[in-house]
Amino acid sequence: MTIHHIGIIMNGVTGRMGTNQHLIRSIAAIRKQGGLPLPNGDVILPDPILVGRSASKLAALAEANGISRWSTDLAACLANPADTVYFDAQITSSRAESVKQAIAAGKHIYCEKPTGSSLAQSLELARLAREAGVKNGVVQDKLFLPGLIKLKRLVDSGFFGKILSVRMEFGYWVFEGDWQAAQRPSWNYRKEDGGGIIVDMFAHWRYVLDNLFGEVRAVSCLGVTHIDERVDENGKPYACTADDAAYATFLLEGGVVVQANSSWTVRVNREDLLTIQVDGTEGSAVAGLRDCKTQHRVNTCKPVWNPDIPNPFSFRDQWQEVPDNQIFDNGFKAQWELFLKHIVLDTPFPWDLLEGAKGTQLSDLGLRSWQERRWIDVPELTI
C-alpha cells in the first residue's frame, strides 16, 4: 500500500465556510478516517497548511483540528514544493490575485466561487491555469446535496417526460444586526467589497441549472436592495450598497423556463431554505437540501377553481418521498475527494475554472439585465 501525501495550502479557512465545510467537515474529516482509500488499496492523505492574516486564529484552528502547520506568509507557502495544491476560500475580491500567484508557482488549484470579481478576471484564471498545465477545480457544492442528487436521479431516469419549467425559491431573513446579530458578514451587503446576492448566488444557479436541466441561454433579472442600512460586526451602522434580493427568469436550451427568487429578506414559509420544483409532462418533483418528493401524472389530482367552497384537497399529502437508496456524505467532502482523486489518479473532474467562469458570466449578465431592464443572451465561453 502506498500513502500519497498531498500538501494543501488552505488560504482563507478562518472564515465560516472555510472553517466548517472545507476544513472541519472535509479535509480534517478525511484525515480522521485515515485518508481517502483508492481502488488499488493505496490511500490519499491530505497534509494541509492553514494560511490567513491572523496568527492567533490560525494557531487555534490548527490545534483544534490536529493540524501542525499554519502560516501568515502565503509567498513562503507557495515556494514550498512539497505543497502541490492551493485552495482559496477568501472573500471574492481577494481571490483572483492569490490564485494567479499559485498558478505562477505551479500549484494545482481548487477554489471557492465566484472565482473572480468579473468575467474577464475569471476567464484570465482559467486561461493561466490551462497555459501552466496545472489541474484546477471550482467548488460546486450544491450538486452534491442529497436532495439534488435525488432530483438528478429523476432527470436521468426520464421520470419527468419533457421538462417544462423549474421554480427555485432560495433565502431566509438575515437579521439587520441591531437587535439580533446578522447570520452573514457585513461585506455581503457592500458592493464595493464584492457583496450582493446576484454575485453570490447566480454562480450557484449556473452550475445547478447547467448540470441538471440544460445550459442557460438567456437571463432576465431584477435586483433590489430592500434593506438600506445594517449594523456590522462591531456594532456600527453602515449603508447597504449591494442587492439583497434578486428576481430572475432564465431560459434554458430546449425551451425550459426557470423562475428563481433569491433573497436575504424573506421569511421562510416552505419546507427548506432552498426548494426546486420541476414540472414535466409525465410528473413533477420538489427537492430541498436533503429531501425530494414526486407526483406522477397518474397520481395528479384534478382541482377545479371554485372559491365558494372549502378546498377539498390536501395537496401536500398527494406527493411521495424519493428514498435515499444510498449513503450521503457531506457535499463539500464528496467533491474534495473527487478532486484529490483527480490529482493522484487523473480521474475526470469536469468542474474546472472555465466552468467557474460560467457562474461569474451569469452574475455579470444578471447585473447587466437589471441595469438595462431587458433580457440578455448568454453566449458560449471560450479561452
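A few comments on the model shown:
- Qualifying residue in the range 74-94 (condition: in contact with a Pro (Cβ under 7 Å, 6 or more places away or on another chain), without any contact (Cβ under 8 Å) to a residue 40 or more places away in the chain and at negative phi): no
- Unique match (being more than 18 Å from residue 205 (Cα to Cα) and under 23 Å from the mean Cα position of the chain (by Cα)) among 291, 272: 291
- Flag if residue 147 is in a loop (DSSP other than H, G, I, E, B) and either polar (S, T, N, Q) or under 23 Å from residue 281 (Cβ atoms) (or both): no
- Condition met for residue 341 (modelled with pLDDT of 95 or more, under 30 Å from the mean Cα position of the chain (by Cα) and in the same structural domain as residue 135 (by TED's automatic domain parsing)): yes
- Pairs where the first residue, in the range 314-336, is over 21 Å from residue 351 (Cβ atoms) and the second is of a type in the set (Asp, Glu) and modelled with pLDDT of 95 or more, C-beta under 7 Å, 6+ apart: 321/291
- Condition met for residue 24 (in contact with a Phe, Trp or Tyr (Cβ under 8 Å, 6 or more places away or on another chain) and in the same structural domain as residue 137 (by TED's automatic domain parsing)): no
- Residue 31 being basic (Lys, Arg) and free of Cβ contacts under 8 Å to residues at least 40 places away in the same chain: yes
- Qualifying positions in the range 1-27 - surrounded by fewer than 18 Cβ atoms within 10 Å (Cβ to Cβ), among the β-branched types (Val, Ile, Thr) and part of a strand (DSSP E or B): 3
- Check on residue 17, under 30 Å from residue 196 (Cβ atoms), at pLDDT below 95 and aliphatic (A, V, I, L, M): yes
- Residue that is surrounded by the most Cβ atoms within 10 Å (Cβ to Cβ) [pool: residues in the range 95-104 that are farther than 17 Å from residue 193 by Cβ and without any contact (Cβ under 8 Å) to a residue 40 or more places away in the chain]: 99
- Filter result for the condition that a residue is surrounded by 15 or more Cβ atoms within 10 Å (Cβ to Cβ), on the phi < 0 side of the Ramachandran plot, at pLDDT 95 or above and in contact with a Lys or Arg (Cβ under 7 Å, 6 or more places away or on another chain), over 251, 289, 274: 251
- Applying a threshold of 8 Å to beta carbon distances and a minimum spacing of six or more residues, or different chains, the list of pairs starting in the range 290-310 at a residue that is touching a residue at least 12 places away in the same chain (Cβ under 8 Å) and under 25 Å from residue 142 (Cα atoms) and ending at one that is acidic (Asp, Glu) and not in a loop (DSSP other than H, G, I, E, B) reads 291/321; 292/321; 293/321.
- Within the range 36-131, strands (runs of 3 or more DSSP E) holding 1 or more residues that are under 18 Å from the mean Cα position of the chain (by Cα): 83-88, 108-111
The values are calculated or read from the model by the stated rules, or taken from the named source; none is laboratory data. The structure presented is a predicted model; accordingly, all values stated were derived computationally and were not measured. Using ideal geometry, Cβ is built from the backbone for each residue, glycine included, and neighbour counts are taken over all protein chains shown.
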